[in-house]
Each structure stands twice: as C-alpha cells, then as structure tokens.
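Throughout, read-outs are computed from the coordinates displayed, never taken from laboratory work. Note that the coordinates shown come from a computational prediction; the quantities given were computed from them, not determined experimentally. All Cβ positions, even for glycine, are placed from backbone atoms using ideal geometry, and neighbour counts span all protein chains on display.
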Amino acid sequence: MKNIAVFASGTGSNFINIYNGLKNNSINGEIKLLISNNSNCGAVLFAIKNNIEYKIINDFRFPIEKNKEYELVLNFYRIDLILLAGFMKKIPENIVRLYKNKILNIHPSLLPKYGGQGFYGMKVHEAVIDSKDKLSGATVHFVNEHYDKGAIVLQKSLNVLKSDTPESLSKRILKIEHSIYLEAVNLFCLDKIKIQY
C-alpha cells in the first residue's frame, strides 16, 4: 500500500475525486496527509470532514525553515507519492530532489502547450480559445525543477467546440482531469510507470 500526500490550495476538486476514487476502487494507495498553504480552503474543509490529517505550511521567517518543514512532515508519514491538486506554490527543490519521480501533477492542457509559469486554471483555457486551437485536454506529469516540464505520464484530448468559452472548456476538461489523474495514481501504485532516459 502506497502512502499518499496531496498538496492543495483551493477547492480541492482533484483531491476529492482522488480520495473518492481510492475509497471506491481497489487501488493500492491511501491518502495519509493533505498539505496546504491555505487553512480556509475547500480542500482543508474536506480533509477535516473526512478525518484526513492535514498540515498547513505557510508562514516561516526563512524559506530554508519552510523547506525543512515539508521534509520532516513527509518523512513522518512515510510518504511514497505526492499529488499536486491545485497547489499554488512552487515545490521546494529539496522536496523535488528527495521525491524524484514520486511527485505527480495534473495540468489542464496538452503539455508542452500552455505550460510554465503563469499558465494555470482559467488562464490556460483562455489561451486555448484565443489561439483558436482545435484540440485541448489534460496532462498528468512528473514534477521536476521546472514548471510543467517533467516527464509526461498520461494525456487525453478533446475537440474544442466553436461554441466553447473558457468556462465551458474548463468544465469539460475537468472531467478528463478526474479520469486520467486517478488512472495515473493507480499505475504508480502498481509500480507500472517506467521512465526511460
């Protein structure tokens, strides 16, 4: 059984979907911990309601202290896999190094398109509509030192409709996110993801 930590800052729709998926499917993983920088977010409220342990990591005088806190907390819970679910902070380099190929993120575009710093949430869908792209979708990828540049695990696309707005596109892509993120977690927990260099 893999011990999973989820990092989330907002409503936590991907966090909630993964939690429900793990509970309802025979996936060899369990969410042991939620880490957030926002004590009032929906993800934290969900964790409290469902008796999931959580830790707020935010106000530290020096970045090195905050980075060490991440390390200590993750070690304490013996975390095997970190899932980013709308976490609005860059993952510290010490954590990326320690958990190499053990941090997954979901991104609402077909990476490498519309990835990198500044491309998140509705900004991605606005860029797709503005560029008149015919296809969009979602990508699950490993996290490395650079925004949205880690190895791609899964992608799924859909056709962008002429009638689509950023909001309607976002809703349709969220369904893809929920599907492929859970699939990627299952593959990881079965040790079926191999990275070739």
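For region 27-63 and region 95-115, what is the separation of their Cα centres, given in Å?
19
What does the highest-first list of 31-44, 109-122 look like by mean Cβ count within 10 Å?
Working: 31-44: 20.1, 109-122: 16.4.
Per-residue mean Cβ counts within 10 Å order the peptides as 31-44, 109-122.
Note down the magnitude of the dipole of region 1-99 about its Cα centre, charges +1 on Lys and Arg C-beta and -1 on Asp and Glu C-beta and zero elsewhere, to the nearest 20 debye. Please list the in-between numbers first.
Values: 12 positive and 8 negative charges, 11 e Å.
I would put it at about 60 debye.
Treating the beta-carbon of each Lys and Arg as +1 and of each Asp and Glu as -1, no other charges, what is the dipole magnitude of region 124-194 about its Cα centre, to the nearest 20 debye? Could the numbers behind the result be given before it?
Values: 10 positive and 10 negative charges, 61 e Å.
Charge dipole, region 124-194, about its Cα centre: 300 debye, nearest 20.
What percent do you get for the relative contact order of the chain when only Cα pairs under 8 Å and 6+ apart count? Write out the running numbers ahead of the final one.
Working: 336 pairs, mean separation 40.6, N = 197.
Reported relative contact order: 21 percent.
If you put +1 on each Lys and Arg Cβ and -1 on each Asp and Glu Cβ, how big is the dipole of the chain around its Cα centre, in Debye rounded to 20?
On the way: 26 positive and 18 negative charges, 48 e Å.
Its charge dipole is roughly 240 debye.
For a test of the definition: using alpha carbon positions, the gyration tensor, and the 1.5 limit on a/c, classify region 1-99 as rounded, prolate or oblate.
Working: a/c = 2.03, a/b = 1.36, b/c = 1.49.
It comes out oblate by the Cα gyration axes.
Given H placed on each backbone N at 1.01 Å, which residues far from Gly29 in sequence or on other chains put an amide H within less than 5 Å of it?
Sorted by chain and number, the residues that satisfy this are Lys2.
Answer rounded, prolate or oblate for region 61-137, using the Cα gyration tensor with square roots of eigenvalues a ≥ b ≥ c: rounded when a/c is under 1.5, else prolate when a/b is larger than b/c, else oblate.
Values: a/c = 3.47, a/b = 2.27, b/c = 1.53.
Since a/c reaches 1.5 and a/b is larger than b/c, the shape of region 61-137 is classed as prolate.
Restricting to lysine pairs 8 or more places apart or on different chains, what number in region 1-99 have Cα atoms under 21 Å apart?
18
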